[in-house]
Every structure is written in structure tokens, then in C-alpha cells.
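Take a look at the structure set out below.
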Amino acid sequence: MKGTVETGLAARAHTLRVLHTSDVHIGHVRGPHGTHRDVCQCPIHALADAVAQHEADVLLIAGDLFDHARLRRTDVAHTMELLGRVDASVVVIPGNHDVHDERSVWGTHADHEHRLEVTGSGVIFLDDPEGATLHFGDHDLTLWGRAMESHDVDYRPLAGVPPRPADGWFIAAGHGHFLRTADDEHRSSPITASEIEATGADYVALGHWHVTTDVSVGEVTAWYPGAPMGMPSNGTASLVTLERRADGVRQRAAVSQVAVAPPADGCAQRS
């Protein structure tokens with residue numbers, strides 16, 4: 001999705017809840033016969049349940065929804081159909097496993113077989129390599145994310161973040177490796193502390209690390225949520241609560257880790 005897009009959400013006075021996840025890796029695990037589908041969709045069912053349990057307004061997937069581009073069309077379609085049923089606005093950016101290049105599983109090129117599965121699902125996919133901005137007017141939220149075209153040292157996930165809007169909440173999303181030391185400078189898709197701080201965002205939603213990690217800098221809250229399930233993972237997602245007091249003062253983002261539990265009976269029994 002390119003440029004600036006206006007969209008809406010059902011209002012919840014003074015509070016916005018975002019369930020932030022990444023590294024879902026649909027296609028990595030093939031379920032055991034009988035209780036799971038051939039390509040296991042348990043992570044999607046688990047995330048949908050977490051959205052409902054915590055009354056999240058937005059489900060934000062910060063890259064690597066899919067594990068690779070060799071998935072069958074029916075499996076991509078089923079994933080997107082399930083996400084389209086989630087009772088929240090669903091926003092996705094690509095990561096290094098589902099990088100948005102000429103072989104992209106996302107299929108947003110006109111001649112790609114997966115195009116209709118993605119564009120017809122109702123899921124908001126941010127496909128602009130220069131970055132795209134969403135405005136959720138009812139919640140006074142602006143969300144920015146950049147599509148990954150190549151996973152290399154020259155790709156900067158937080159490059160081109162626009163200035164913070166004068167009003168409302170601001171979230172930036174990126175998929176890449178946070179540079180802790182100078183020894184990390186050779187890593188692909190690098191993210192620096194100064195880049196996080198420069199966003200001025202209320203929250204920076206990151207993906208790529210499978211372990212829940214707080215990389216907040218100064219006044220900017222930033223987290224890797226960890227992978228919801230699979231190996232390695234810690235079975236959680238980040239619940240981000242943005243609250244504005246009755247006098248209009250916005251509170252700093254509150255982040256808690258919430259369980260993402262797979263269906264007890266597997267995914268084969270769920271349509």
C-alpha cells in the first residue's frame with residue numbers, strides 16, 4: 001500500500017490497544033496429521049484469540065508473517081482469510097523471510113498468482129519500499145511502515161520515517177537488526193539507537209529477533225515482541241496501550257507481554 005491512506009476504527013474513548021507481533025513464520029512448521037493442517041495455522045488462530053481477549057484495536061505484524069515464498073496459493077489464501085476475520089484492523093509489513101521482491105509471496109504485482117489473496121482479504125499490507133503512512137482517524141493514530149525489498153546492509157528499516165504528526169499517536173514499524181555494538185555494523189537491515197530516537201514515535205514496533213527485547217531509547221518506547229510460537233520463541237506478543245487522559249494529556253506507551261496460546265485441539269478443527 002503506497003502513500004498516505006485514511007482508514008477508521010471503532011472508537012474507544014481515550015485508549016488504544018495495539019497487539020504487536022512478528023516472526024510468525026507460517027509455512028515453517030507442517031502440522032502433524034489429524035490435529036493440524038498440513039501448513040499449520042495455529043499462530044493465526046492464537047493471535048486472533050489474543051486480540052479478542054485483550055480487546056485490541058489493531059493487530060500489527062512487523063515482518064515475517066510467512067516463512068518463505070514457496071507456499072501454495074491455497075495456504076496463502078487461508079492465512080489471509082483468517083487474518084481478515086480478526087476483530088481488529090490488521091496491518092502487515094514484509095520481513096526478510098517474506099521480502100517483497102519479484103518472487104514475493106505477497107503477490108501485489110499484477111501478474112502474480114497470490115495478488116487476489118492479499119488484496120482481497122481486507123488486511124492492510126504496506127508494500128512501499130519508501131514507506132507508507134496510515135491514518136486511523138477515529139483513534140487519532142498515525143502508523144508508518146516500510147516494505148523490505150532486500151535484506152542486506154544497505155537496507156535501513158527506519159529510513160524515511162516522516163516527521164511526527166502535530167497531534168495524535170504515532171507508531172513506526174520496521175524489521176531488522178538492532179545494532180548494540182560496532183561489531184554489529186556488518187549485519188543486514190541495521191537499526192540504530194539514534195534512528196529509533198529520531199522517529200519521535202510513541203512506539204516503534206520491531207521484528208526480526210525471536211526473543212522479547214526492550215530497545216527503547218530516550219522518550220521513544222521500542223520493542224521486539226518475540227515470536228509467538230515455533231522454535232525459537234517465547235509464546236508471547238506485545239500489548240501496547242496508548243492512553244490519553246480526560247484533560248488531553250497522552251501517557252507514555254505501556255507495554256506488557258501477553259500469552260499467545262495455540263488452540264488446544266490444533267488448527268484442523270478450525271475453518
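Throughout, read-outs are computed from the coordinates displayed, never taken from laboratory work. Quick caveat, the model's predicted, so the values are computed rather than measured. Please note: Cβ atoms are built from the backbone with ideal geometry, for glycine as well, and neighbour counts cover all protein chains shown.
Observations, loosely collected:
- Efficiency of FRET between residue 152 and residue 252 - r from beta-carbon atoms, R0 35 angstrom, step 0.05: 0.55
- In percent, rounded to a whole number, the relative contact order of the chain is 22, using alpha-carbon pairs under 8 Å and six or more apart.
- A simple spin-label model places pseudo-atoms 7 Å from Cα toward Cβ; at residue 55 and residue 159 they are separated by 4.2 nm.
- For the range 145-268, the fraction of alpha-carbon pairs in successive 10 Å shells from zero, as %: 12, 38, 33, 14, 3
- Using the Cβ-Cβ distance between residue 35 and residue 166 with R0 = 35 Å, the FRET efficiency computed as 1/(1 + (r/R0)^6) comes to roughly 0.10.
- Between residue 198 and residue 214, the simple label model (points 7 Å from Cα in the Cβ direction) yields a spacing of 2.6 nm.
- Relative contact order (percent, whole number), the range 225-271, Cα cutoff 8 Å, 6+ residue spacing: 30 percent
- Over the range 125-218, relative contact order from alpha-carbon pairs under 8 Å, at least 6 apart, %: 25 percent
- Inter-centroid distance (Cα atoms) of the range 202-271 relative to the range 22-87, Å: 16 Å
- Value in Å of the Kirkwood radius, where the chain supplies the Cα pairs that are averaged: 18.5 Å
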